[in-house]
1. I need the full set of residues from segment 175-194 which are open to solvent by 20 Å² or more (accessible area, probe 1.4 Å) and among the polar types (S, T, N, Q), in order please.
2. Any residue at all in segment 6-21 that's farther than 22 Å from P130 by Cα, part of a loop (DSSP other than H, G, I, E, B) and of a type in the set (V, I, T)?
3. Only residues that are of a type in the set (S, T, Y), part of a loop (DSSP other than H, G, I, E, B) and open to solvent by less than 40 Å² (accessible area, probe 1.4 Å): list them for segment 128-174, please.
4. Hey, among the residues in segment 95-133 that are small (G, A, S) and without any contact (Cβ under 8 Å) to a residue 60 or more places away in the chain, which one's farthest from F5 (Cα to Cα)?
5. Kindly evaluate K120 against the criterion of being out of contact with any Ser or Thr (no Cβ under 6 Å at 6 or more places or on another chain), closer than 21 Å to I32 by Cα and open to solvent by 50 Å² or more (accessible area, probe 1.4 Å).
6. Pick from segment 99-115 the residues that are more than 14 Å from L139 (Cα to Cα) and part of a helix (DSSP H, G or I): which of them is farthest from the chain's Cα centre (by Cα)?
7. How about segment 29-43: which of its residues are in a loop (DSSP other than H, G, I, E, B) and closer than 18 Å to L78 by Cα?
8. V96 fails exactly one of the following numbered conditions: (1) closer than 21 Å to F57 by Cα; (2) open to solvent by 10 Å² or more (accessible area, probe 1.4 Å); (3) of a type in the set (V, I, T). What is the number of that condition?
Amino acid sequence: MKHIFQQGTNPAKPTFLMLHGTGGNETDLLAIAAHIDPEASVLSVRGNVSENGMPRFFKRLSEGVFDMEDLKLRTEELHEFIGQAAAEHGFDRKNVIAVGYSNGANIAANLLFTYSDSLKGASLHHPMVPNREADLPDLTGIPVFIAAGTNDPICPAEESTDLEKLLKAAGAKVDLHWEDFGHQLTMPEVEAAKAWYDKL
């Protein structure tokens, strides 16, 4: 997968897996990673799917309707890629925290829904429930931050509250943070994500 790797200055810190939204690319979220922890390593990935020329991490049938078969395939692909990247770039595979926005947050959420050990934690910005039929693995103690907008037209409020409930039922430690904005990634929610991360 096309990606950027930036070696951090502190090897004990996690590696941030940065996952962009629809139409974004691997450079979009680098400033956010640097803001949350400038000492951490960064693995920023571009989605392998193109929707009318816009990179995405998996296909959808329409707005908010996921292609479940492709979601499963692309989640497996991303999970394997993180392992390959850890071997290639020399970071700790067990110390990866995903930071995803929109489509990127959805595939990060599906990594959690699929594997008990893919992520050490996740900061999900405007995610939806990736798969309501999923039988979640044991996520005991895995910290998850969810940032949601009360006026988000793409991601209704119940998507965030349902995701919180499902993750908590699997044992994850979930913080759900609301902003009175729409679907855009805002600085206040990045600050809230940083405050969450600083307490880990």
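The values are calculated or read from the model by the stated rules, or taken from the named source; none is laboratory data. What you see is a predicted model; the values in this text were computed from it and never measured. Using ideal geometry, Cβ is built from the backbone for each residue, glycine included, and neighbour counts are taken over all protein chains shown. SASA here: full protein model, heavy atoms, side chains in, ligands and nucleic acids out. Shrake-Rupley method; radii C 1.70, N 1.55, O 1.52, S 1.80 Å.
1. Q184
2. Taking segment 6-21 and keeping what is farther than 22 Å from P130 by Cα, we get 6-15.
Add one more test, that the residue is part of a loop (DSSP other than H, G, I, E, B), and what stays is 7-14.
Cutting the leftovers down to of a type in the set (V, I, T) gives us 9.
Within segment 6-21, one or more residues are farther than 22 Å from P130 by Cα, part of a loop (DSSP other than H, G, I, E, B) and of a type in the set (V, I, T).
3. None - no residue of segment 128-174 is of a type in the set (S, T, Y), part of a loop (DSSP other than H, G, I, E, B) and open to solvent by less than 40 Å² (accessible area, probe 1.4 Å), so the list stays empty.
4. S116
5. yes
6. If we filter segment 99-115 for residues that are more than 14 Å from L139 (Cα to Cα), which is where we start, we get 99-107.
Still in the running and part of a helix (DSSP H, G or I): 103-107.
Details: N103: 8, G104: 5, A105: 4, N106: 6, I107: 6 Å.
This residue is N103.
7. Scanning segment 29-43 gives a single hit, L29.
8. With respect to (1) closer than 21 Å to F57 by Cα; (2) open to solvent by 10 Å² or more (accessible area, probe 1.4 Å); (3) of a type in the set (V, I, T), V96 is out only on (2).
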